[in-house]
Amino acid sequence: MRLRDELPQSIETERLVLRAPHASDLDDLVAEANNWNVLEPTASLPFPYLQEHGRGFIERFSIKPDKRSYVIAGRDDDRLKGVIGLYFYADKPTELGYWLGERHWGRGFAPEAVSALMAAASAIGLSPVRARVLAANSGSVRVLEKTGFATIEETHSVVERHRGKPLYVMEWRA
């Protein structure tokens, strides 16, 4: 069994549910993701983020063996607020990635989702987990620090969108 498959199907917190994406998430997914302020700091999400991108994400959810994604949804209304996931590699540590719709920023949802996913990772013995974050993305740096990640390397991005920009490699350990 792969570590990806050992993670729970859903994870509940006080205010959130991390769960599989559903076809009914499509409109919220596109509405939240199609925002340059949200997508610019990500490594690879396209802009503009179109319906076809959202459909592809939802359809590929269960067939990507190297990735485990969750929708970050409100526990009270089950509406998509963002996406969080882990990327699994054969030759390097697992990596965390996430984004949250701009209208949900500053409300503590990102640290709540990251903490919940790291607790699930810890429960299956998954450690360490790394995250790459642009140094200029102070909000995301704070989220990662609040949830137990520490900077282990200061480097520069090689991703085309951010080539040469200062980048932190941060690591969490169970």
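The values are calculated or read from the model by the stated rules, or taken from the named source; none is laboratory data. Only a predicted model underlies this, so the values are computations on that prediction, with no experimental measurement involved. Note: ideal-geometry Cβ built from the backbone for every residue, glycine included; neighbour counts use all protein chains shown. The accessibility values were calculated without ligands, DNA or RNA, using every heavy atom of the protein model including side chains. Shrake-Rupley method; radii C 1.70, N 1.55, O 1.52, S 1.80 Å.
If we keep just the residues of the range 21-42 that are closer than 25 Å to Y89 by Cα and touching a strand residue (DSSP E or B) at 6+ places or on another chain (Cβ under 7 Å), which is surrounded by the fewest Cβ atoms within 10 Å (Cβ to Cβ)? Let's see the steps before the verdict.
So the first thing to find is which residues in the range 21-42 are closer than 25 Å to Y89 by Cα, and the list is 21, 39-42.
Remaining after also requiring touching a strand residue (DSSP E or B) at 6+ places or on another chain (Cβ under 7 Å): 21, 41-42.
On the way: P21: 21, P41: 18, T42: 20.
That would be P41.
Can you pull out the strands (runs of 3 or more DSSP E) entirely within the range 39-127 that have at least 3 residues that are closer than 16 Å to E12 by Cα? Outline the logic, then answer.
Numbers: elements: 67-74, 80-87, 94-100.
Qualifying strands (runs of 3 or more DSSP E): 67-74, 80-87.
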Residue within the range 46-59 that is acidic (D, E), more than 21 Å from G139 (Cα to Cα) and open to solvent by 50 Å² or more (accessible area, probe 1.4 Å) present: yes
The range 37-53 residues that are among the small types (G, A, S), paired with ones that are open to solvent by 40 Å² or more (accessible area, probe 1.4 Å) (beta carbon under 8 Å, 6 or more apart): A43/R132; A43/V159; A43/R161; S44/V159; S44/R161
The range 142-158, subset in a strand (DSSP E or B), open to solvent by 80 Å² or more (accessible area, probe 1.4 Å) and not β-branched (V, I, T), residue nearest to V38 (Cα to Cα): H156
Extreme residue, farthest from I152 (Cα to Cα), among residues of the range 128-141 that are touching a Phe, Trp or Tyr at 6+ places or on another chain (Cβ under 9 Å) and assigned to a helix (DSSP H, G or I): G139
Residue that is of a type in the set (A, V, I, L, M) and either more than 14 Å from the chain's Cα centre (by Cα) or more than 22 Å from Y89 (Cβ to Cβ) (or both), where the choices are A131, A135, A121: A135
